[in-house]
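Down below is the structure, laid out as structure tokens.
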Amino acid sequence: IDGLEADVVTLASAYDIDAIASARPELLAADWRSQLPNGSAPYTSTIVFLVRRGNPLGIRDWSDLTNGRTQVVMPNPKTSGGARWIILAAWGYVLRQEFGPDWDGLEDPERLAAAEAKAEAFVTELVKRVPVLDSGARGSTNTFLQRGIGDVLLTWENEAHLAIAEAGSDQVEIVVPSVSILAEPPVALIGGVAEKHGTTEVARAYLEHLYSPRGQQLAAQYHFRPSQPETLSEAERAKFEQLELFTIDRVFGGWTAAQRRHFDDGGTFDRIYRPEGAAP
């Protein structure tokens, strides 16, 4: 917003790009999501677990994260878009357990209130097990790999694969939970900047290329899930483990509602996160 003049942006969530459109409407139109297919998300990801080799604690699903003395590593949702996806994935897991695959109960205020209370209790216990909240996903990966802190790292699926490439498959492995959130990191052309730079045509071509067969294959190569999986070979598609995914729109009413309720000042995260030594 007030930093470098970017021709295009690729951020963790639509909320982050909406913030640009809200603060600088002369640079980016409010309807930016309609400018490219799939809500301007050429690929998706999800939240998975990275554990020590051999999975010594037997972590298989979200419920295992609050067993015993399991220590969890994740970034701070106040500063990390990926961390916000993590919190929502954990919260949504509890709602999914309460409502089943049809999410029957989301429209029932009484049932929803009871399920939300259970979700908050679970996420509160989860956050208690985080020894350090780094500012971003890469910092948390370094904490887990290089500093050797924690039993399990919660992170983007693509970041987990990068961590294995960095540390080696003899050190860490990925655990894919039964259910997680469909994380949609979007892209946008910052029209006001591109016009000023005279790069509108090439910037738009770059973003459109992300949807081409070659662009989709490159996304898969770097462990993002292409929005057009039909462009991949059967072998390429098989690299992505199947799991049940829910959307932020279906479960949380979209990013604006989720941000306001969970991550804005005074939201649920402020209520449940108590740094060591902080007053209750």
Among trypsin sites (Lys or Arg not before Pro) in the range 83-190, those in a DSSP loop whose Cβ has at most 14 other Cβ atoms within 10 Å are Arg147
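Could you work out the Kirkwood radius for the chain, taking every pair of different alpha carbons, averaging 1/r and inverting it, reported in Å?
Averaging 1/r across every pair of different Cα atoms and inverting gives 19.9 Å.
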Proxy exposure order for Leu4, Leu232 (fewest C-beta within 10 Å first) is Leu4, Leu232
Relative to the compact-globule estimate 2.2 N^0.38 Å (N residues), the Cα gyration radius of the range 186-245 stands at a ratio of 1.41
When the charge dipole of the range 7-161 is computed with +1 at the Cβ of Lys and Arg and -1 at the Cβ of Asp and Glu, the Cα pointing farthest to the positive end, of Ala14, Trp85, Leu27, is that of Trp85
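Exactly which GluC sites (Glu not before Pro) in the range 197-280 are in a DSSP loop and have at most 14 other Cβ atoms within 10 Å? Intermediate results must be reported in sequence, preceding the final value.
Numbers: sites: Glu201, Glu208, Glu230, Glu234, Glu236, Glu241, Glu244, Glu276; in loops: Glu241, Glu276.
Passing both the DSSP loop test and the Cβ count: Glu241, Glu276.
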The distance between the Cα centres of the range 1-56 and the range 98-114, in whole Å, is 29
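Under 8 Å for C-alpha pairs, at least 6 residues apart: give me the relative contact order for the range 1-145, rounded to a whole percent.
25
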Percent of all Cα-Cα pairs per 5 Å bin for the range 24-92, counting from 0 up to the last occupied bin, reads 3, 12, 16, 16, 17, 13, 6, 6, 6, 4, 1
Looking only at lysines whose Cα falls under 28 Å of Lys78's and that sit 8 or more positions away or on another chain, we get Lys118, Lys128
So, for the Cα atoms of the range 72-135, Rg and Dmax in Å stand at 13.1, 37
Taking the dipole of the range 90-241 about the Cα centre (Lys, Arg +1; Asp, Glu -1; charges at Cβ), the one of Pro226, Ile181, Leu210 that reaches farthest to the positive side is Leu210
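Beyond 16 Å, what percent of the Cα pairs of the range 13-59 remain?
On the way: 625 of 1081 pairs.
Tail of the P(r) past 16 Å holds 58 percent of the pairs.
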antiparallel share of DSSP beta bridges within the chain, to nearest 5, in %, is 70
The range 1-124, convex hull of Cα, quarter of hull surface, nm² -> 10.9
The size of the Cβ-based charge dipole (Lys, Arg +1; Asp, Glu -1) of the chain about the Cα centre, to the nearest 20 debye, is 680
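For the range 79-178, count all C-alpha to C-alpha pairs, find those more than 18 Å apart, and express that count as a whole percent of the total.
54
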A student applying the Cα gyration tensor rule (rounded when a/c is under 1.5; otherwise prolate if a/b is larger than b/c, oblate if not) would label the range 163-280 oblate
Using alpha-carbon coordinates alone, the radius of gyration and Dmax of the range 56-109 in Å work out to 13.7, 40
Per-residue Cβ contact counts at 10 Å, fewest first, order Glu107, Glu166 as Glu107, Glu166
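Here, each number is a calculation from the coordinates, and none is a lab measurement. Not measured: the values here are computed from a predicted model. Please note: Cβ atoms are built from the backbone with ideal geometry, for glycine as well, and neighbour counts cover all protein chains shown.
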